[in-house]
Amino acid sequence: MELRPFNDISYERFLSEDKLMGSRCRKCGVVSVPPRPICIKCHGSEMEWVDMKGKGKLVAFTCIAIGPPFMIKEGYDRRHPYVSGVVELEEGVKVVARIEGVDGTKPETIRIGTPVRIEFLHRGGGEDSMTFLAFRPL
Amino acid sequence: MRGRRKLGRGVAVVGAGMSKFGMYSDKDSKYLFAEAFHEMLSTVDKGIDPKDIDALYLGNFTNDFFVHQGHWGPIVSDLLGLTPKPATRTEGACASSALAFREGVFAIASGFYDVVLVGGVEEMSKRSTEEVTQGLAMAASPYEVKAGFTFPGVFGAIATAYFAKYGANREHLMNVTIKSHNNARLNPKAQFNVSIRDIMNQRIEKVRTKGGPIPVWKDEKEFLRDPEANPVVAWPMHLYDCCPISDGASCVLLAAEKIARDFTDNPLYVVGIGQGSGKGLHAKEDLTYFEATRYAAREAYGLSGLKPEDVQIAEVHDCFSIAEILHIEDLGFFKPGEGYKAVEEGLTRLNGSKPINTSGGLKCKGHPVGATGTGQLVEIWKQLRGEAGERQVPIKDLRVGATQSLGGTGGTCTLTILERR
């Protein structure tokens, strides 16, 4: 695991293994998710992988009625909007992700600050397989 | 920043023109740029021989994807008969021509050129909404795209964070939309030069001729609350919170200050320019402001020696209604969390103390991505010279105006301040 380069390819591979991983600067301790090869605080390049526990709270969201082709393919449309959001993890970093288990047609029922837990959405198969990061209210 | 920034020598805007922004099946982007160029030539009070233009900087974002041509600088240079003068394309997503302007200013300030044409162009409407959404997503971070975010989605999420932090709501966004439409009604170059009230009347008229129950809306807000009239795009962004898909072109002519009066007795001097870069949505410390705009503003104010209160009017990048509120806070016109109140109180209206987006903004004037930055400057050119017609702001001694652009989800932001002396 430690040999994987600190980049988006490794990040995606970890997601496919049901892991949300970030980088931690060995010099100053700053954590980044997705991982970064260079620390944006001290500009050091000695990184180590750090496992996110997958708990956090919703800090922003949107219910999308007109989505990109890959979301339309999943069956989402104007009548069936999906929800995307920004989640602040307990580790103090934020990630963008799909938000599951909420009703995109009733945005007034979705609350900023809601505690959420991680989910990994596996889609497609073989070479087309993708894992999407998602969160669901506890 | 080491030491104070300064321009090597002064630069002025001496001409400005734009095509009408809109959706055209019979006009391509070259033709639209030719229209903008022609209008620009007609605005140079003492005339300009195009042969005296030393270089072209052209902002464009989506040509590679939508038109399958990327090398648009020399193509426009050839169109205008400017070859073999150098032509350079700039890319900064929705701020592309704001960057062209900046490069043009630097090229003159360095002493290298005396007269530079800067502009932008975009052709978008010949593609489907899905294709345009996908194309524009090229300006977002890959993480946002994978999480399903669209551009309206990003700004929708920003709006929910702003609402939660400051207690604003959708009704406050409607104030921005209504104001933009009222201004655009007075702008013949706007894609939607109609007020919300006009749109309501048109709809009622349509039902009257076609038959069916006549819709009853008490006022503009009730119309905007009606999900039939104003459907959700990416909650809380509804149709009328979003700028349209547009084709269009705009350009301004820059000249060295020492020769500016050879072209006009009423040049506008470039007193402030700033540009910043910003992080993706997930990495922002706070979703309710753009660090890149704040940085650009510090640079531009620092260069000009002016303060936010000295800027009398501004065109800001209202790709979505919530964006206008964030920008007027980031530029220091209003305190963080008070922008929506200022809009509600009417301070940003045409006759307010700080008129914002007198052109109708991106929302109503249209947003042909690459043409927007210099398109904003065309409005400030008209206003500062007292040539804005019906929408001329009633400010006495109007001298200082600004334009702010935002590319992507805040990745590239600029502020430009012009002054009439």
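Can you give me the number of residues within region B:135-145 that are at the interface with chain A (Cβ under 9 Å from one of its Cβ atoms) and either among the basic types (K, R) or under 11 Å from B:G408 (Cβ atoms) (or both)? Write out each step before concluding.
We begin by selecting, within region B:135-145, every residue at the interface with chain A (Cβ under 9 Å from one of its Cβ atoms); these are B:137, B:141-145.
Then keep just the ones that are either among the basic types (K, R) or under 11 Å from B:G408 (Cβ atoms) (or both); that gives B:137, B:141, B:144.
Number satisfying all stated conditions: 3.
Could you grab me the full set of residues in region A:63-75 that are facing another protein chain (nearest Cβ under 8 Å) and assigned to a loop (DSSP other than H, G, I, E, B)?
Result: A:A65, A:I66, A:G67, A:P68.
Among residues belonging to region A:94-116 that are without any contact (Cβ under 8 Å) to a residue 60 or more places away in the chain, surrounded by fewer than 16 Cβ atoms within 10 Å (Cβ to Cβ) and not in a loop (DSSP other than H, G, I, E, B), point out the one that is nearest to the other protein chains (Cβ to nearest Cβ).
Going through the qualifying residues, I end up with A:E108.
Among the candidates B:V116, B:V132, which residue alone is touching a residue at least 60 places away in the same chain (Cβ under 8 Å) and more than 14 Å from chain A (Cβ to nearest Cβ)?
B:V116
Could we say that B:S277 is of a type in the set (S, T, N, Q) and within 14 Å of chain A (Cβ to nearest Cβ) here?
Working: of a type in the set (S, T, N, Q): yes; within 14 Å of chain A (Cβ to nearest Cβ): yes.
Judged against the criteria, B:S277 is a match.
With respect to B:E103, is the statement that it is under 18 Å from the mean Cα position of the chain (by Cα), modelled with pLDDT of 95 or more, under 27 Å from B:S277 (Cβ atoms) and surrounded by fewer than 24 Cβ atoms within 10 Å (Cβ to Cβ) true?
Details: under 18 Å from the mean Cα position of the chain (by Cα): yes; modelled with pLDDT of 95 or more: yes; under 27 Å from B:S277 (Cβ atoms): yes; surrounded by fewer than 24 Cβ atoms within 10 Å (Cβ to Cβ): yes.
Spelling it out, B:E103 is indeed under 18 Å from the mean Cα position of the chain (by Cα), modelled with pLDDT of 95 or more, under 27 Å from B:S277 (Cβ atoms) and surrounded by fewer than 24 Cβ atoms within 10 Å (Cβ to Cβ).
B:K46 fails exactly one of the following numbered conditions: (1) under 18 Å from B:E103 (Cα atoms); (2) part of a loop (DSSP other than H, G, I, E, B). What is the number of that condition?
(1)
Among the residues of region B:221-236, is there at least one that is touching a residue at least 60 places away in the same chain (Cβ under 8 Å), assigned to a loop (DSSP other than H, G, I, E, B) and in contact with a helix residue (DSSP H, G or I) (Cβ under 8 Å, 6 or more places away or on another chain)? Reasoning before the result, please.
At the first step, the residues of region B:221-236 found to be touching a residue at least 60 places away in the same chain (Cβ under 8 Å) are B:233-236.
Okay, now just the ones that are also assigned to a loop (DSSP other than H, G, I, E, B), so B:236.
Now restrict to residues that are in contact with a helix residue (DSSP H, G or I) (Cβ under 8 Å, 6 or more places away or on another chain): B:236.
Scanning region B:221-236, I find at least one residue that is touching a residue at least 60 places away in the same chain (Cβ under 8 Å), assigned to a loop (DSSP other than H, G, I, E, B) and in contact with a helix residue (DSSP H, G or I) (Cβ under 8 Å, 6 or more places away or on another chain), so the answer is yes.
Scan (1) touching a Leu at 6+ places or on another chain (Cβ under 7 Å); (2) assigned to a helix (DSSP H, G or I) for the single condition B:E131 breaks and write down its number.
(1)
For region A:79-91, name all the residues that are within 11 Å of another protein chain (Cβ to nearest Cβ) and either closer than 12 Å to A:P137 by Cβ or in contact with a strand residue (DSSP E or B) (Cβ under 8 Å, 6 or more places away or on another chain) (or both).
We begin by selecting, within region A:79-91, every residue within 11 Å of another protein chain (Cβ to nearest Cβ); these are A:79, A:81-89.
Hits for region A:79-91 are A:P81, A:Y82, A:V83, A:S84, A:G85, A:V86, A:V87, A:E88, A:L89.
Out of (1) modelled with pLDDT under 95; (2) buried (at least 16 other Cβ atoms within 10 Å of the Cβ), the odd one out for B:D241 is which?
(1)
Would you check which residues across region B:290-315 are of a type in the set (A, V, I, L, M, F, W, C) and either within 21 Å of B:G280 (Cα to Cα) or outside any loop (DSSP other than H, G, I, E, B) (or both) and list them?
To start, the set of residues in region B:290-315 that are of a type in the set (A, V, I, L, M, F, W, C) comprises B:290, B:292, B:296-297, B:300, B:303, B:306, B:311, B:313-314.
Selection gives B:F290, B:A292, B:A296, B:A297, B:A300, B:L303, B:I313, B:A314.
What about B:D318, is it touching a Ser or Thr at 6+ places or on another chain (Cβ under 8 Å) and part of a loop (DSSP other than H, G, I, E, B)?
On the way: touching a Ser or Thr at 6+ places or on another chain (Cβ under 8 Å): yes; part of a loop (DSSP other than H, G, I, E, B): yes.
So B:D318 fits the description; yes.
Test each condition in (1) assigned to a loop (DSSP other than H, G, I, E, B); (2) farther than 17 Å from B:A93 by Cα; (3) in contact (Cβ under 8 Å) with a residue 12 or more places away in the chain for B:K382 and report the one that comes out false.
Against the list (1) assigned to a loop (DSSP other than H, G, I, E, B); (2) farther than 17 Å from B:A93 by Cα; (3) in contact (Cβ under 8 Å) with a residue 12 or more places away in the chain, B:K382 comes up short only on (1).
Out of the residues in region B:146-172 that are part of a loop (DSSP other than H, G, I, E, B) and facing chain A (nearest Cβ under 8 Å), state the one that is surrounded by the most Cβ atoms within 10 Å (Cβ to Cβ). Before you say what the answer is, go through the steps one by one.
Taking region B:146-172 as the starting set, the residues that turn out to be part of a loop (DSSP other than H, G, I, E, B) are B:147-150, B:167-169.
Filter once more, so that each one left must be facing chain A (nearest Cβ under 8 Å): B:147-150.
Working: B:A147: 26, B:G148: 26, B:F149: 30, B:T150: 26.
Per the criteria, the residue is B:F149.
Could you please find all residues in region A:40-62 being within 12 Å of chain B (Cβ to nearest Cβ) and either outside any loop (DSSP other than H, G, I, E, B) or touching a Cys at 6+ places or on another chain (Cβ under 7 Å) (or both)? Before the answer, list the steps.
Filtering region A:40-62 down to residues within 12 Å of chain B (Cβ to nearest Cβ) leaves A:40, A:56-62.
Across region A:40-62, the qualifying residues are A:G56, A:K57, A:L58, A:V59, A:A60, A:F61, A:T62.
The values are calculated or read from the model by the stated rules, or taken from the named source; none is laboratory data. All values derive from a computational prediction rather than experimental measurement. Ideal geometry is used to build each Cβ from the backbone, glycine not excepted, and the neighbour counts take in all protein chains shown.
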